[in-house]
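Let me begin by presenting the structure, written as structure tokens, before commenting on it.
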Amino acid sequence: MFIIVLATRNQKKIEEINQILNIRNVVLRPYHEYIDIHIPEPGETLLENSLLKAEFVHRITKLPALGEDSGLFVEALNGAPGVLSARYEVNDKKRIERVLRELGNSKNRKAWFRAVIVYYYDIKKYEVFEGEIEGRIAYEPRGESGFGYDPIFIPFGYKETFAELGPVIKNKISHRAKALKKFKKFFIRNFVERQK
Ligand code: ITT
């Protein structure tokens, strides 16, 4: 059994990563099973934060680690909340209210989610994977599923928000799904097929 430690405390992210990755003989374990600490995210980019999380967890556990930093970027807000998505307000409800308030009745509602994943597998050895999905911001929150900004994000080509579409569709098309699929390909090529 091959263990990969997930460098995230976000339970919803953990569920999504588990549903999307699903690699035979690979077990994903959240890092709080090894150490109970909050990893700070002081970086100015998703990559900096993702790398910091993955490297930290690898150093502590000595196991391969997967870091993920993501965010919602709104064009009319000059890319905000962006890398500050998790820190924009104290909870999801307030974060959503703030985005809707700042956007007001703006006709330009273009937005995109972005995820940067770092697979840190040995000292100074890591690989980066990115995924993005474009869409627009709804005028009010809709739907119950998912987390974060899902109730106000309508992916391109759909009328429903991520929170209305639910996990089966979201986990096929999301920023996280795109980045994780690239990782899965890399992982299978380099760590599974080589052992055959
Ligand atoms: P970890 O750092 O422990 O992984 P976190 O929630 O703080 O958990 P990030 O720092 O990567 O994660 O912040 C990402 C934030 O961006 C997240 O809290 C949401 O507010 C938002 N976000 C990212 N992906 C999202 C998604 O798929 N759906 C809705 N919101 C998302």
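The values are calculated or read from the model by the stated rules, or taken from the named source; none is laboratory data. What you see is a predicted model, and the numbers here were worked out from it, not measured in a lab. We place every Cβ from the backbone using ideal geometry, glycine too, and count neighbours over all the protein chains shown.
Could you tell me whether any residue of the range 130-152 is out of contact with any helix residue (DSSP H, G or I) (no Cβ under 9 Å at 6 or more places or on another chain), surrounded by fewer than 22 Cβ atoms within 10 Å (Cβ to Cβ), more than 16 Å from Arg114 (Cβ to Cβ) and at pLDDT 95 or above?
Looking through the range 130-152, none of the residues is out of contact with any helix residue (DSSP H, G or I) (no Cβ under 9 Å at 6 or more places or on another chain), surrounded by fewer than 22 Cβ atoms within 10 Å (Cβ to Cβ), more than 16 Å from Arg114 (Cβ to Cβ) and at pLDDT 95 or above.
Would you kindly identify the strands (runs of 3 or more DSSP E) lying entirely within the range 26-139 that contain at least 2 residues that are under 18 Å from Lys178 (Cβ atoms) and more than 12 Å from the ligand (Cβ to nearest atom)?
The qualifying strands (runs of 3 or more DSSP E) are 125-137.
Residues are listed down the side, and each one gets a yes or a no for (1) surrounded by 15 or more Cβ atoms within 10 Å (Cβ to Cβ); (2) modelled with pLDDT of 95 or more; (3) hydrophobic (A, V, I, L, M, F, W, C); (4) at positive phi:
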| site | (1), (2), (3), (4) |
| --- | --- |
| Ile39 | yes, no, yes, no |
| Val57 | yes, yes, yes, no |
| Leu63 | yes, yes, yes, no |
| Asp69 | yes, yes, no, no |
| Val74 | yes, yes, yes, no |
| Pro81 | yes, yes, no, no |
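Can you tell me how many residues within the range 140-172 are among the basic types (Lys, Arg) and either under 26 Å from Ser50 (Cβ atoms) or not in a loop (DSSP other than H, G, I, E, B) (or both)?
Total satisfying the criteria: 2.
Free of Cβ contacts under 8 Å to residues at least 60 places away in the same chain and away from the ligand (no atom under 14 Å from the Cβ) - does that describe any residue in the range 144-156?
Yes, the conditions are met somewhere in the range 144-156.
Kindly indicate whether Glu44 is in contact (Cβ under 8 Å) with a residue 24 or more places away in the chain and farther than 27 Å from Ile173 by Cβ.
Judged against the criteria, Glu44 is a match.
Taking the options Tyr149, Tyr119, Tyr139, name whichever one is under 17 Å from Gly82 (Cα atoms) and of a type in the set (Ser, Thr, Tyr).
Tyr149
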